[in-house]
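Read the structure below first, then the notes.
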Amino acid sequence: MGAKIRFLPTEVVGKIAAGEVIERPASVVKELVENSLDAGSGVVTVEIEEGGKRRISVMDDGEGMVGGDALLALERHATSKVYDEGDLNAIKTLGFRGEALPSVAAVSRLSLITRTHDELSGTRVLVEGGQVRGVEEIGTPPGTRVEVEDLFYNVPARQKFLRGVQGEMAHIIEVITRMALIHSAVGFVLKHNKRVLFNLPPTNEERSRIKVILGKDVVSQLVAVQGSNRFGDIRGWATVPTYVRGSSKGIYIYVNGRYIRDKLISHAVSEAYRRFIPAKMYPVVILFLSIPFSEVDVNVHPAKMEVRFRRGEEIHRLVSDSLKGVLSHPHAARSYEISEIREETAPYSVPSSLAPGAEMIPSPLWRMVGQLKGTYLVVEGDEGVMIIDQHAAHERILYERVKRSLQGGRIAQQPFLIPQPIEVKREEKELLIEYRAELVKVGLELEEFGDRTVAVQSIPSFLQGEDLQLLLEALSEELAERGKGDTVEQVLDRICVFLACRGAIKANRRLQEEAVRSLLRDWEEIAQPSTCPHGRPLFVKWSWRELEGWFRRG
Ligand code: ADP
Ligand code: MG
C-alpha cells in the first residue's frame, strides 16, 4: 500500500475551521457585533433578512480599518488584538483569535466596507466562499459595515440543520440581548426584514438598559449585588426572592466582559437562592465578574462561551456569598416573608378533572381508604391494596388527554373573555408564536401582541388558575430545547409532559373522597398505566394473598 496521508486543500481547511465558530446565523451576528464593540463603536446596527439565512448586515461607527488591514482582516489568524504570547495572558478584547472574519467569509458571500476616521475614503472587499473577488476604494462614512449573504451556500450539510426563520431569529435576539445587557453605553438597533425589532439607545444607567430589555416588572424587583475576595470581584443585579420565573433563562453571567455559560457559577446562583425560592423556580440575575487574567482561561472554546477557573471553589464562594448577602438583607428578607404568607393562604383550585363538575361515577374497581402525608392515596379493591402517588397518577391522566388532543381529539378549554396580555422576553415570544399551531391543538391559544407580549386567548381548562407568565416562560424553555436536535414529535411530546406536570394536582394536598374517585375512574379509563410520563412508578400494589402471607393467614 502506498503513502496515504495528504494535506487538505486550503478551501476545505477553511470550511472545517468555520464549522467550529460559525454554527448558525446568530454566531455570525455574535462575531461581527463583538468586532464592532472591540472597535469602540457608539451605535451598532444589525439588519437581518429571513432569520439571517439570506442576509446579515452589521454596521458600526467604530475605528474602522485602512485598506491594507481590511484585506488582512480576512486572513486566518490575522488580528490587531494579540501581538505576542504575553498578550494572550491579558486579553481585554472580545476577539483575539483572528478567526471570525475568515471563517464567516469561507461559508458565505461577504462584503467588508470600512473607513478609518482619518482617511477620506474607504475600502470595499468582496469575498465569496473564502476567495477574494474584488477590492476597491469607495466613499463611505467612517466605521465598518460587514454584509454576509447566503450563509452556508457552499455547506449544504450545515444549511439543513438551520431552524425556521423565527427560530433563528430567537437565537439572534438572544445573542444581541447578552451583549446589550453589558454594554449599556452602546446603542443597538436590530431590524428583521426591514422592520425595527428594537432600538436600544445608549445610556449611562445600567438599570434603564435592563429595563428596556427585560421589562419594568423585572427591574422593579432587582437589588444590587456586590462583593469581592482575593480571587475576584463581582457586581450586578439579582431579583428579590418574591420574584421567580419558571425558566433559568434570566440568568446572565459575564466574566471579564464576556457572556459565558458556566455550570459552577449557575450552581452557585441556585445554591444562594435555594433557601428562598421553590425548586424548579429561578431568579433573574445579571452578574459581572472580574477575575485576574492569571486566574481564568478564556481560550477554551472556539466560540469563547466557556472559561476555566483556576480556583473554582473560590469563585463559587464569591458568587454565592455575595448573593446570599443581598438576599438576607432586610429589604429582600421582608418581601420574602410576605410571599410565604401569600403562598400559604392562596386558594387552592381543584384541578378541573377532579372538580365537582366532573362526572362522579365511582370507580368500579378501587375504593379510597385514606391518604398518607397528603400525597399518597391508599385504595383497596378485589385485587388487593395499592398506594398511589396522586401527582404522578393525575399527571399521567392529563398527559394521555393532551396527547389525544394532539392527535385530533378534543380538549376542554378555558377561554378568556379578554385576552390576557403576558410580557415575556422577545425570543420567548418568537418561539411561542412559531409553535402556535401546535399549541392551539393542546388548548393553548395565543397571538402576537407587540414586541415582547403575547395575548393568551385560552388555556386548557386543567391549567385554570396557573400563573400564565410562569407557564409561558417555562413552556418556551421546553420549546427552545428543540434546537438541540430534537424532532418536532419529541418537542410536542415534551409539551404534553410539561403541561400535564403543570396541571397535575400537587403533593401535600388533601383530597376529598369524590375527587379521588374521579381520579381512579380516569386512571382506569386509560388502562391503569403503571408509570408517570417521566417514567416514575405511579403505584405500589400488594395482592390480598401477599398481605395475608405477612400475617400467616390463609
Ligand atoms: P479578532 O476579532 O479575533 O481579532 P476577526 O477575524 O474577528 O479576529 O477580525 C480580524 C481583525 O479585523 C480584528 O483584529 C480587527 O483589527 C479588524 N476588524 C474586524 N472587524 C472590525 C470592525 N468592525 N471595526 C474595526 N476593525 C475590525
Ligand atoms: Mg473578532
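The values are calculated or read from the model by the stated rules, or taken from the named source; none is laboratory data. For clarity, every value in this text was computed on a predicted model and none was experimentally measured. Cβ: placed from backbone, ideal geometry, glycine included. Neighbour counts: every protein chain shown.
Select from the stretch 40-56 the residues that are part of a helix (DSSP H, G or I) and not acidic (Asp, Glu) and write down the one among them that is nearest to ligand 1 (Cβ to nearest atom). Walk me through how you get there before you give the answer.
Taking the stretch 40-56 as the starting set, the residues that turn out to be part of a helix (DSSP H, G or I) are 50-52.
Those still in the list that are not acidic (Asp, Glu) too: 51-52.
Numbers: Gly51: 22, Gly52: 17 Å.
Looking at the filtered set, the residue picked out is Gly52.
Any residue at all in the stretch 297-313 that is closer than 27 Å to Glu477 by Cα, modelled with pLDDT of 95 or more, touching a strand residue (DSSP E or B) at 6+ places or on another chain (Cβ under 8 Å) and buried (at least 18 other Cβ atoms within 10 Å of the Cβ)?
Checked the stretch 297-313: no residue is closer than 27 Å to Glu477 by Cα, modelled with pLDDT of 95 or more, touching a strand residue (DSSP E or B) at 6+ places or on another chain (Cβ under 8 Å) and buried (at least 18 other Cβ atoms within 10 Å of the Cβ).
Kindly indicate which of Ala224, Ala238 is under 24 Å from Leu318 (Cβ atoms), under 25 Å from the mean Cα position of the chain (by Cα) and loosely packed, with under 13 Cβ neighbours inside 10 Å.
On the way: Ala238 fails: loosely packed, with under 13 Cβ neighbours inside 10 Å.
Testing whether each residue is under 24 Å from Leu318 (Cβ atoms), under 25 Å from the mean Cα position of the chain (by Cα) and loosely packed, with under 13 Cβ neighbours inside 10 Å leaves just Ala224.
Of everything in the stretch 270-283 that's within 17 Å of the chain's Cα centre (by Cα) and crowded, with 22+ Cβ neighbours inside 10 Å, which residue is modelled with the lowest pLDDT?
So the first thing to find is which residues in the stretch 270-283 are within 17 Å of the chain's Cα centre (by Cα), and the list is 270, 280-283.
So of that shortlist, the ones also crowded, with 22+ Cβ neighbours inside 10 Å come out as 282-283.
Numbers: Tyr282: 89, Pro283: 92.
So, considering only residues that are within 17 Å of the chain's Cα centre (by Cα) and crowded, with 22+ Cβ neighbours inside 10 Å, the one modelled with the lowest pLDDT is Tyr282.
Show me the strands (runs of 3 or more DSSP E) found entirely inside the stretch 218-260 where at least 1 residues are at pLDDT 90 or above, of a type in the set (Lys, Arg) and under 27 Å from Pro292 (Cβ atoms).
Details: elements: 222-229, 232-239, 251-255, 258-260.
Because the criterion is at least 1 residues that are at pLDDT 90 or above, of a type in the set (Lys, Arg) and under 27 Å from Pro292 (Cβ atoms), the strands (runs of 3 or more DSSP E) in the stretch 218-260 that meet it are 232-239, 258-260.
Name the residue, out of Ala73, Ala3, that is within 12 Å of ligand 1 (Cβ to nearest atom) and of a type in the set (A, V, I, L, M, F, W, C). Reasoning before the result, please.
Values: Ala3 fails: within 12 Å of ligand 1 (Cβ to nearest atom).
Exactly one residue qualifies, and that residue is Ala73.
Using beta carbons and a limit of 7 Å, which pairs, at least six apart or on different chains, have the first residue in the stretch 57-73 and on the phi < 0 side of the Ramachandran plot and the second one within 6 Å of ligand 1 (Cβ to nearest atom) and part of a strand (DSSP E or B)?
Close Cβ pairs satisfying both conditions: Asp60/Thr144; Gly62/Thr144; Met65/Thr144.
Taking the stretch 523-549 as the search range and keeping residues that are among the hydrophobic types (A, V, I, L, M, F, W, C) and assigned to a helix (DSSP H, G or I), which one is surrounded by the most Cβ atoms within 10 Å (Cβ to Cβ)? Let's see the steps before the verdict.
Pass one, the stretch 523-549, residues among the hydrophobic types (A, V, I, L, M, F, W, C): 523, 526-527, 532, 538-540, 542, 544, 547.
Then keep just the ones that are assigned to a helix (DSSP H, G or I); that gives 523, 544, 547.
Details: Trp523: 22, Trp544: 15, Leu547: 14.
Only one residue fits best here, namely Trp523.
How many residues are touching a residue at least 40 places away in the same chain (Cβ under 8 Å) and within 13 Å of ligand 1 (Cβ to nearest atom) when one looks only at the stretch 106-118?
Step one: list which residues in the stretch 106-118 are touching a residue at least 40 places away in the same chain (Cβ under 8 Å), which gives 106-109, 112, 114-117.
Remaining after also requiring within 13 Å of ligand 1 (Cβ to nearest atom): 106, 112, 114-117.
Of the residues in that region, 6 qualify.
Exactly one of (1) crowded, with 17+ Cβ neighbours inside 10 Å; (2) within 16 Å of ligand 1 (Cβ to nearest atom); (3) among the β-branched types (Val, Ile, Thr) is unmet by Val165. Its number?
With respect to (1) crowded, with 17+ Cβ neighbours inside 10 Å; (2) within 16 Å of ligand 1 (Cβ to nearest atom); (3) among the β-branched types (Val, Ile, Thr), Val165 is out only on (2).
Among the numbered criteria (1) over 26 Å from the mean Cα position of the chain (by Cα); (2) assigned to a helix (DSSP H, G or I), which single criterion is violated by Leu37?
Just one mismatch for Leu37, condition (1).
How do the strands (runs of 3 or more DSSP E) wholly within the stretch 364-457 filter down when requiring 2 or more residues that are over 27 Å from Lys191 (Cα atoms): which remain? First the steps, then the outcome.
Numbers: elements: 366-372, 376-381, 384-389, 413-423, 445-448.
Hits in the stretch 364-457: 366-372, 376-381, 384-389, 413-423.
Residues being among the charged types (D, E, K, R) and under 40 Å from the mean Cα position of the chain (by Cα): count how many of those fall in the stretch 109-145.
Number of matching residues: 6.
Condition first: exposed (fewer than 15 other Cβ atoms within 10 Å of the Cβ) and out of contact with any strand residue (DSSP E or B) (no Cβ under 8 Å at 6 or more places or on another chain). Can you find one or more residues in the stretch 490-497 that meet it? Outline the logic, then answer.
Step one: list which residues in the stretch 490-497 are exposed (fewer than 15 other Cβ atoms within 10 Å of the Cβ), which gives 490.
Pick out the ones that are also out of contact with any strand residue (DSSP E or B) (no Cβ under 8 Å at 6 or more places or on another chain) and you get 490.
Within the stretch 490-497 (the criterion being exposed (fewer than 15 other Cβ atoms within 10 Å of the Cβ) and out of contact with any strand residue (DSSP E or B) (no Cβ under 8 Å at 6 or more places or on another chain)), the answer is yes, since at least one residue qualifies.
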